[in-house]
Amino acid sequence: MNKHAHDEMLFIVIHQSYELWFKQIIFEMSSVHKMLSSEINDNGPELQITVRRLNRVVEILKVLVNQVDILETMTPLDFLDFRDMLRPASGFQSMQFKELETMLGLKVEERHGKEYFTSQLKPEDAEKIYEQAKDESIISLVNAWLERMPYFNNEEIWQEAGKKDFWTLYREIYANSLRDGETNNLILFDELFMTDHILDDRKLSDKARRAALFITIYRDYPILQNPFRVINHLLEIDELLANWRWRHMNMVHRMIGIRVGTGGSSGKGYLREAALKHYVFTEFAELTSFLIERSHLPELPAQLKKILGYYS
């Protein structure tokens, strides 16, 4: 008869609470998915609701990251008291976490250790995840939403104001802001913002990238504040999920060293590669590479300022 392991209760409670929070996150993100699936009005209540729900997900994920602190009050010897009783159970059995990653836009082919992806799921649950992967993801819907942004694409406004095309003007200022050793930045800028072609390794289209950068640099205008919050919250979600993966990886290394995980993975090695590769919104993070100082931003035409500022 196995001796009772005191810390098994803590382990179970923490993991059950994770599943409850994952359920709430999926509930919030499903509502965001629904709103983004329609032609959302950037000046209407739906975008404000989207922002609030994304912010709620951010706050929940902060709780999940901090819960690792409680789990780490368990020592490696405490964990070994009941580890063998967990086999073959593992983190791979969290269907909800896979559902969340898939909903956000992490594709099956982008995953590290694809052979483990659904290895611990029931066949019907695995099928559900693969079916979900065929649906439009959050990143795909955000891409479509950004493509509809009209603010900087109205050439007539710029011509009437006697100004160059916005991107030609911005490129000149950006090029002058670069220092020695940053010449590759301009090459990448041209590839991402000055050409209209599909990049296979990118989730955002050229129109969406331009809109995201325009929103980021002119986010202080009232009508762009909520669109910027959407982009920023999605970045926060990506970062917090990465933080959670890294905390989990370090805890696993602390508990079992280089031993094989209970689900059959390489333990820390698998978790490390997954943490490095399982980002979804990296293209939003890259935008900071192409920013210039506020004082050097191109002056917007008066008519465009009027649109962005709700002026009558």
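Details
- Among the numbered conditions (1) part of a helix (DSSP H, G or I); (2) at pLDDT below 80; (3) under 24 Å from residue 17 (Cβ atoms), the only one that residue 129 does not meet is (2).
- Selection from the range 1-12 of residues that are surrounded by 13 or more Cβ atoms within 10 Å (Cβ to Cβ) and in a helix (DSSP H, G or I): 8, 10, 11
- Reported count of residues in the range 280-302, each being surrounded by 12 or more Cβ atoms within 10 Å (Cβ to Cβ) and charged (D, E, K, R), is 2.
One line per residue, one yes/no per condition, for (1) more than 30 Å from residue 145 (Cα to Cα); (2) surrounded by 18 or more Cβ atoms within 10 Å (Cβ to Cβ); (3) β-branched (Val, Ile, Thr):
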position: 25; (1), (2), (3): no, yes, yes
position: 31; (1), (2), (3): no, no, no
position: 43; (1), (2), (3): no, no, no
position: 52; (1), (2), (3): no, no, no
position: 55; (1), (2), (3): no, no, no
position: 64; (1), (2), (3): no, yes, no
position: 84; (1), (2), (3): yes, no, no
position: 95; (1), (2), (3): no, yes, no
position: 103; (1), (2), (3): no, yes, no
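- Being surrounded by fewer than 16 Cβ atoms within 10 Å (Cβ to Cβ), among the basic types (Lys, Arg) and modelled with pLDDT of 85 or more holds for only one residue in 305, 277, and it is 305.
- If you go through the range 168-205 and pick out every residue that is of a type in the set (A, V, I, L, M, F, W, C), under 26 Å from the mean Cα position of the chain (by Cα) and either loosely packed, with under 15 Cβ neighbours inside 10 Å or under 19 Å from residue 298 (Cα atoms) (or both), you end up with 8.
- Test set (1) at pLDDT 80 or above; (2) within 26 Å of residue 157 (Cβ to Cβ) - residue 283 fails condition number: (2)
- Hits in the range 169-201 (condition: aliphatic (A, V, I, L, M) and either at pLDDT below 85 or in contact with a Ser or Thr (Cβ under 9 Å, 6 or more places away or on another chain) (or both)): 188, 194, 198, 199
- Taken as a whole, the condition of being surrounded by 12 or more Cβ atoms within 10 Å (Cβ to Cβ), in a helix (DSSP H, G or I) and modelled with pLDDT of 90 or more applies to residue 60.
- In the set 32, 51, only one residue is touching a Ser or Thr at 6+ places or on another chain (Cβ under 6 Å), in contact (Cβ under 8 Å) with a residue 60 or more places away in the chain and within 14 Å of residue 230 (Cα to Cα); that residue is 32.
- Within the range 206-229, being surrounded by fewer than 21 Cβ atoms within 10 Å (Cβ to Cβ) and either of a type in the set (Lys, Arg) or free of Cβ contacts under 8 Å to residues at least 40 places away in the same chain (or both) holds for 206, 207, 219, 220, 225, 228, 229.
- Picking from residues in the range 1-29 that are touching a residue at least 12 places away in the same chain (Cβ under 8 Å) and polar (S, T, N, Q), the one that is nearest to residue 84 (Cα to Cα) is 2.
- Residue count for the range 1-34, restricted to those that are among the aliphatic types (A, V, I, L, M) and at pLDDT 95 or above: 5.
- Conditions (1) among the hydroxyl-bearing types (Ser, Thr, Tyr); (2) closer than 24 Å to residue 243 by Cα; (3) surrounded by fewer than 16 Cβ atoms within 10 Å (Cβ to Cβ); number of the one not met by residue 38: (2)
The values are calculated or read from the model by the stated rules, or taken from the named source; none is laboratory data. A quick note: this is a predicted structure, and the numbers were derived from the prediction, not measured. Because the Cβ atoms are built from the backbone with ideal geometry, glycine has one as well, and the counts that use them run over all protein chains shown.
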